[in-house]
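Structure first, then comments.
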Amino acid sequence: MYNAKAYSAASATSPLAHTTIARRDPTQTDVQIEILFCGICHSDLHTARDEWHSVMPTVYPCVPGHEIVGRVVKVGAAVSGFKPGDVVGVGCLVDSDGTCPECKAGLEQFCHAPVFTYNMPDKHTGKVTYGGYSDSIVVDQRFVLRVPANLSLAAAAPLLCAGITTYSPMRHWGVTMGKKVGVVGLGGLGHMGVKFAHALGAHTVVFTTSENKKADALRLGADEVVLSKNANEMAKHYGSFDFILDAVAADHDIGAYINLLRRDGNITLVGAPEKPLPVSAFSLIMGRRSLSGSPIGGIKETQEMLDFCGQHNITSDVEVIPMQKVNEAYERMLKQDVKYRFSIDMASLKAE
Ligand code: NAP
Ligand code: ZN
């Protein structure tokens, strides 16, 4: 074991603060990574504050962070694909059983025993996994990804969660040229959704509650922007969407969006609000519409997404912050005041 610097929450109500955590020494198949940047996902906040208690209670201390980009410093003897100096990424998954049908299909996100990057039992330490708000992490080579060389590292970090979580359902539901696609909520996930829908050639419409994000939505690739509080603007789109991605982090009226789907249209929830969302049976029945959800993506598809980003020069719009500003960043995220992802520069941990 060795010591790493990190920021952790001691309870659901305490701010994150500096701490030291023990990381395992790399095993034969492990890659040890010096973390350079880590994005701040709203899931980090949900977990740090135990907002998903009924589904995944938080174990404290909690070190969030699953949008990790860094440099390989050491590899185990059986590691073939990575060497010291490589620039790599780690997302929400750090292990899975590897033998079930889902894992064999490259869909580790559906494994019956996935190990998420934080707040999951850690077989190596007997504690829970600690995430990327840290200067170092050790991850099995199967869960380490390659970051295309042309991408800015700070701006590439959010691809590891916000990127794959929006790319995967868009590919699954056939977002392509000629399709009309909606993205609800212009936050970290939403702004990546807009970039992907646009790059895939769809007619892209952003739904936002924030009037001040309208110009940005167009700049990010939207063809149209709708203020979701304006019923007239919403009504114009009734029954017209092939696919809608809902990336809202809080309670909202999902029924208003189901009604915008055309026959056989699908709305996929990636946003994970704390409370259940009521759904009208009639809105789904009439038009044979469907509502589904989607969790992150498998490792193979995450690499495909990163390569797609490399080819199309897609990264996240980030505000780079030092680790010490994480609590302030959480409050700003709650006020919808992030454009459009915070990326923590881990060099800021060196002074602690
Ligand atoms: P974020 O950056 O905070 O963005 C959320 C956006 O939702 C906001 O920017 C805002 O967009 C909209 N919003 C917030 N409060 C709202 C309200 N009360 N009513 C309507 N709209 C509201 O969060 P994020 O990191 O993108 O994450 C979004 C959600 O996805 C979170 O719940 C997160 O846990 C979840 N998530 C799920 C997965 C998965 O695998 N499925 C992966 C990562 C994250 P506007 O200002 O444009 O209205
Ligand atoms: Zn996330």
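When the alpha-carbon atoms of the chain are used, the pair Rg, Dmax equals 19.7, 63 angstrom.
When you restrict to C-alpha pairs under 8 Å that are six or more residues apart and normalise by the size of region 162-293, the relative contact order lands at 21 percent. In this simple spin-label approximation, TYR2 and LYS123 carry label points 7 Å from Cα along the Cα→Cβ vector, and these lie 2.4 nm apart. The tail of the calculated P(r) for region 1-119 beyond 25 Å holds 30 percent of all Cα-Cα pairs.
With a sphere of radius 11 Å drawn around the Cβ of ALA272, what net charge do the other residues whose Cβ falls strictly inside it have (Lys, Arg +1; Asp, Glu -1)? Counting the neighbours of ALA272, the net charge comes to -2.
The slack between ALA250 and TRP52, meaning 0.36 nm per residue of separation minus the straight C-alpha distance, is 70.1 nm. Taking every C-alpha pair closer than 8 Å and separated by at least 6 residues, the mean separation divided by the residue count of region 15-99 gives a relative contact order of 33 percent.
Convex hull volume of the Cα atoms of region 225-269, normalised per residue: 74 Å³.
Here region 162-293 has an Rg and Dmax of 13.1, 36 Å, counting Cα atoms alone. Here is how the number arises for the chain: DSSP H runs of 4 or more residues each give -39500 (n - 2.57), the sum is divided by the residue count, and the result at 222 nm is -6000 deg cm²/dmol.
Quick one: net charge around ASP30, please, counting Lys, Arg +1 and Asp, Glu -1 for every other residue with C-beta under 9 Å from its C-beta. Here the count lands on 0. Please give the FRET efficiency for SER11 paired with LYS300, using the beta carbon to beta carbon distance and R0 = 41 Å, rounded to the nearest 0.05. Computed FRET efficiency for SER11 and LYS300 comes out at 0.65.
Screening the chain for whole DSSP H helices with an alpha carbon extent of at least 18 angstrom along the helix axis and a mean Kyte-Doolittle hydropathy of at least -1.0 yields 299-312.
The C-alpha radius of gyration of region 218-345, expressed as a fraction of 2.2 N^0.38 Å, stands at 1.25. For the chain, modelled as a GNM whose springs connect Cα atoms under 10 angstrom apart, the maximal fluctuation among MET305, MET234, MET286 occurs at MET286. Among the listed pairs LYS179/LYS339; LYS179/LYS335; LYS127/LYS325; LYS300/LYS325; LYS179/LYS236; LYS236/LYS275, a Cα-Cα separation exceeding 24 Å is found for LYS179/LYS339; LYS179/LYS335; LYS127/LYS325; LYS300/LYS325; LYS236/LYS275.
Stretched out straight at 0.36 nm per residue, the stretch from GLU233 to ASN313 would grow longer than its current Cα-Cα span by 25.6 nm. Note: relative contact order over region 2-160, using C-alpha pairs below 8 Å and six or more positions apart, is 30 percent. Cα centroid separation, region 210-237 to region 1-66: 35 Å.
Protein heavy-atom surface of region 162-293, 1.4 angstrom probe: 55% of the accessible area is carbon and sulfur, with nucleic acids and ligands not counted. Over all directions, the projected convex hull of the C-alpha atoms in region 257-323 averages 7.7 nm² in area.
Other residues lying with their Cβ under 13 Å from the Cβ of LEU306 contribute a combined charge of -2, Lys and Arg counting +1, Asp and Glu -1.
The values are calculated or read from the model by the stated rules, or taken from the named source; none is laboratory data. Note that the structure is predicted; figures quoted are calculated from it, not measured. When we count neighbours, we look across all protein chains shown, and the Cβ atoms used for this are built from the backbone with ideal geometry, even at glycine. For accessibility, only protein heavy atoms count, side chains too; no ligands or nucleic acids. Shrake-Rupley method; radii C 1.70, N 1.55, O 1.52, S 1.80 Å.
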